[in-house]
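Visitor: One structure, as structure tokens, below. Some questions next.
The values are calculated or read from the model by the stated rules, or taken from the named source; none is laboratory data. All of these numbers come straight from a predicted model, not from anything done at the bench. Methodologically, a virtual Cβ is constructed for each residue, glycine included, from the backbone with ideal geometry; neighbour enumeration extends over all protein chains shown. Just the protein is used for accessible areas: all its heavy atoms, side chains included, with ligands, DNA and RNA removed. Shrake-Rupley method; radii C 1.70, N 1.55, O 1.52, S 1.80 Å.
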Amino acid sequence: MRTVDDFEKKNIVLLLLKEAVFLDVEKKEVQAKGGEIYSFDKLLIASGGSPRATNIPGENLAGIFRLQTIDDADGLVKLLPEARKIIVIGGGFIGLEFLEIAEAHKIPTTLIIRDSHFFKGILDQNGGELMSKNFERFGVNLIFEDEAMEFGGKERVTGLRTKKGRVFEADIVGVGIGLKMNDDFTRGTGIGVAAGQGI
């Protein structure tokens with residue numbers, strides 16, 4: 001989206017392949033992994049996040065996607081024409097993306113969320129019911145308060161088994177279980193909610 005020249009024109013020093021490992025709020029310093037220390041007057045933290053690990057047996061089977069990279073998107077596009085059923089795991093933004101893709105291709109979809117409703121951390125129960133009604137209008141099979149425990153299949157996913165013992169078939173599984181925020185360097189500073197929860 002931007003070149004090094006674009007940053008230089010704005011008087012921005014771009015430091016690539018550097019990782020912040022320690023923040024000293026009182027001294028107004030950030031230490032990088034290589035030991036370099038950078039001073040600041042004001043600090044904007046926009047450190048992003050990394051996909052949470054699923055730690056579910058079978059998570060490396062073909063047909064399971066996180067939608068985090070261009071390779072994920074390319075792989076998904078390749079399998080969509082032959083898909084008969086899709087399972088979406090997770091009640092957040094990536095889950096919505098998967099649901100929209102499934103609807104655009106008219107593929108029957110099951111949504112599995114471990115919470116009592118979609119966007120539980122953002123919406124109250126009434127808001128969650130509005131989301132559910134909309135999903136049902138598009139034929140989504142909703143499974144709440146359950147979660148994936150094991151993916152089935154040998155080389156390619158064929159479905160999954162949930163914690164409550166339910167079994168669902170699918171050619172594609174979309175995983176959107178959230179991010180672990182890249183905020184370890186802020187620990188002990190009083191900044192942020194809690195480790196991995198963001199600023």
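Visitor: Quick one: how many residues across region 116-135 are more than 13 Å from L99 (Cα to Cα) and open to solvent by less than 60 Å² (accessible area, probe 1.4 Å)?
Guide: 6
Visitor: Got a number for residues in region 6-18 being under 15 Å from L43 (Cα atoms) and among the charged types (D, E, K, R)?
Guide: Residues that pass the stated criteria total 0.
Visitor: So which of L61, L23 is open to solvent by less than 30 Å² (accessible area, probe 1.4 Å) and touching a Ser or Thr at 6+ places or on another chain (Cβ under 8 Å)?
Guide: None of the other options fit; the residue is L23.
Visitor: Within region 136-143, does at least one residue satisfy the condition of being in contact with a Lys or Arg (Cβ under 6 Å, 6 or more places away or on another chain), surrounded by 14 or more Cβ atoms within 10 Å (Cβ to Cβ), aliphatic (A, V, I, L, M) and at pLDDT 95 or above?
Guide: The answer is no; no qualifying residue exists.
Visitor: List, please: which pairs have Cβ atoms under 8 Å, are six or more places apart or on different chains, and start with a residue in region 38-58 that is more than 18 Å from T162 (Cβ to Cβ) and end with one that is acidic (D, E)?
Guide: Correct list of pairs: Y38/E29; S39/E29; F40/E29; I45/D183; S47/D183.
Visitor: Give the number of residues within region 75-113 that are more than 15 Å from the chain's Cα centre (by Cα), open to solvent by 90 Å² or more (accessible area, probe 1.4 Å) and closer than 25 Å to G49 by Cα.
Guide: Total satisfying the criteria: 2.
Visitor: Now for a different question. Which residues, counting only those in region 149-175, are small (G, A, S), open to solvent by 10 Å² or more (accessible area, probe 1.4 Å) and under 18 Å from D115 (Cα atoms)?
Guide: G165
Visitor: Right, another one. Can you name the strands (runs of 3 or more DSSP E) wholly within region 2-79 that have at least 2 residues being farther than 26 Å from H105 by Cα and out of contact with any helix residue (DSSP H, G or I) (no Cβ under 7 Å at 6 or more places or on another chain)?
Guide: 29-32, 37-39, 49-51
Visitor: On to the next question. Among the residues of region 121-135, write down those that are touching a strand residue (DSSP E or B) at 6+ places or on another chain (Cβ under 8 Å) and either at pLDDT below 95 or of a type in the set (A, V, I, L, M, F, W, C) (or both).
Guide: Listed by number, the list holds a single entry, F135.
Visitor: So F119 ticks every box in (1) in a loop (DSSP other than H, G, I, E, B); (2) touching a Leu at 6+ places or on another chain (Cβ under 7 Å) but one. Which box is left unticked?
Guide: F119 satisfies every listed condition except (2).
Visitor: Mind listing whichever residues of region 93-113 are under 16 Å from A148 (Cα atoms) and at pLDDT below 95?
Guide: Result: G95, single match.
Visitor: Follow-up question, since we're still on this one. For V30, work out the one condition from (1) in contact (Cβ under 8 Å) with a residue 40 or more places away in the chain; (2) touching a Phe, Trp or Tyr at 6+ places or on another chain (Cβ under 8 Å); (3) open to solvent by 40 Å² or more (accessible area, probe 1.4 Å) it doesn't fulfil.
Guide: With (1) in contact (Cβ under 8 Å) with a residue 40 or more places away in the chain; (2) touching a Phe, Trp or Tyr at 6+ places or on another chain (Cβ under 8 Å); (3) open to solvent by 40 Å² or more (accessible area, probe 1.4 Å) applied to V30, the lone miss is (3).
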